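Participant: Pasting a structure here, questions to come.
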Amino acid sequence: MKEIECEIIEVQDYPIPGILFKDLTPVWKSQDLFNILIDKMTEIWVGCEIDTVASIESRGFIVGAPIAYKLNAGFVPLRKPNKLPREVYSQAVSLEYGETEIQVHKDAFQESKKVLIIDDLLATGGTAIAAFKLIPEDLVVGFGFMVELGGLNGRKKIEEISDVRIESLVIYD
Ligand code: AMP
């Protein structure tokens, strides 16, 4: 998706030295590109009977919620610690630049049959794997990313634990 890739701004040494940060906000800001982005990320999964989209706070929500709407699916937020008001499951996440945790309500997937995990960007795969572990395994149909940093081998790490589909719109080497 060249037209989307062209609008992504690379910021060197953000948020810490050594990280080449992909600033996706120009794509989201563009009326045309945001439309194309959501349409393209959605059409991959049409016909897969997805009933739940799970997205990761916070940038994942920007793409995950409109994709859920377009797929006529429900939306489950996977949130940073201490944001959800009821009982939660937690998973530790090791990021390209640090450590955190994500949480989900214990009853979030009670009625789900087919779950799609959406995030803005796949880097080392730590976040995606933590999300996967928060969802009953047999429910997950696939992962959808706006951007994939191929050199960080996140895809390989996901493939080591699951054989579900992994789809990214823009893939960097
Ligand atoms: P990871 O767990 O390493 O796959 O990192 C994925 C998450 O961290 C995504 O939700 C991104 O928002 C963020 N992220 C990691 N690396 C970058 C990067 N180089 N540029 C922009 N966002 C990043």
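Participant: Please work out which one of (1) open to solvent by less than 60 Å² (accessible area, probe 1.4 Å); (2) out of contact with any strand residue (DSSP E or B) (no Cβ under 6 Å at 6 or more places or on another chain) is the condition THR52 fails and give its number.
Facilitator: Of the numbered conditions (1) open to solvent by less than 60 Å² (accessible area, probe 1.4 Å); (2) out of contact with any strand residue (DSSP E or B) (no Cβ under 6 Å at 6 or more places or on another chain), the odd one out for THR52 is (2).
Participant: Taking GLU87, is it away from the ligand (no atom under 16 Å from the Cβ) and either surrounded by fewer than 21 Cβ atoms within 10 Å (Cβ to Cβ) or modelled with pLDDT of 95 or more (or both)?
Facilitator: yes
Participant: In this structure, is GLY60 within 25 Å of ALA123 (Cα to Cα) and open to solvent by less than 30 Å² (accessible area, probe 1.4 Å)?
Facilitator: Answer is yes for this residue.
Participant: Restricting attention to strands (runs of 3 or more DSSP E) lying wholly within the range 93-173, give those where 2 or more residues are open to solvent by 40 Å² or more (accessible area, probe 1.4 Å).
Facilitator: Output list reads 98-105, 165-172.
Participant: Could you list, ordered by first residue, the pairs with Cβ atoms under 7 Å in which the first is in the range 116-133 and free of Cβ contacts under 8 Å to residues at least 12 places away in the same chain and the second is open to solvent by 10 Å² or more (accessible area, probe 1.4 Å) and near the ligand (Cβ under 6 Å from one of its atoms), at least 6 apart or interchain?
Facilitator: Partner pairs satisfying both residue conditions: none exist.
Results for (1) among the basic types (Lys, Arg); (2) over 17 Å from LEU122 (Cα atoms), shown as yes or no for each residue.
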residue	(1), (2)
CYS6	no, yes
TYR14	no, no
LYS70	yes, yes
PRO85	no, yes
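Participant: With the requirement that a residue be out of contact with any Pro (no Cβ under 7 Å at 6 or more places or on another chain) and among the polar types (S, T, N, Q), what does the range 91-110 give you?
Facilitator: GLN91, SER94, THR100, GLN110
Participant: If you don't mind, there's one more thing I want to ask. Could you say which residue among ILE38, ILE4, ILE8, ILE19 is more than 16 Å from the ligand (Cβ to nearest atom) and either crowded, with 16+ Cβ neighbours inside 10 Å or at pLDDT below 95 (or both)?
Facilitator: From the options ILE38, ILE4, ILE8, ILE19, the qualifying one is ILE38.
Participant: Among the residues of the range 22-35 satisfying the criterion of being of a type outside the set (Asp, Glu) and within 14 Å of the ligand (Cβ to nearest atom), which is surrounded by the most Cβ atoms within 10 Å (Cβ to Cβ)?
Facilitator: VAL27
Participant: What single numbered condition from (1) under 16 Å from the mean Cα position of the chain (by Cα); (2) modelled with pLDDT under 95 fails to hold for GLY98?
Facilitator: Among (1) under 16 Å from the mean Cα position of the chain (by Cα); (2) modelled with pLDDT under 95, the lone unmet condition for GLY98 is (1).
The values are calculated or read from the model by the stated rules, or taken from the named source; none is laboratory data. Since we're looking at a predicted model, the values are computed, not measured. For neighbour counting, all protein chains shown are included, and Cβ atoms are generated from backbone atoms with ideal geometry for every residue, glycine included. We work out accessible area using only protein heavy atoms, side chains counted, and drop any ligands, DNA or RNA first. Shrake-Rupley method; radii C 1.70, N 1.55, O 1.52, S 1.80 Å.
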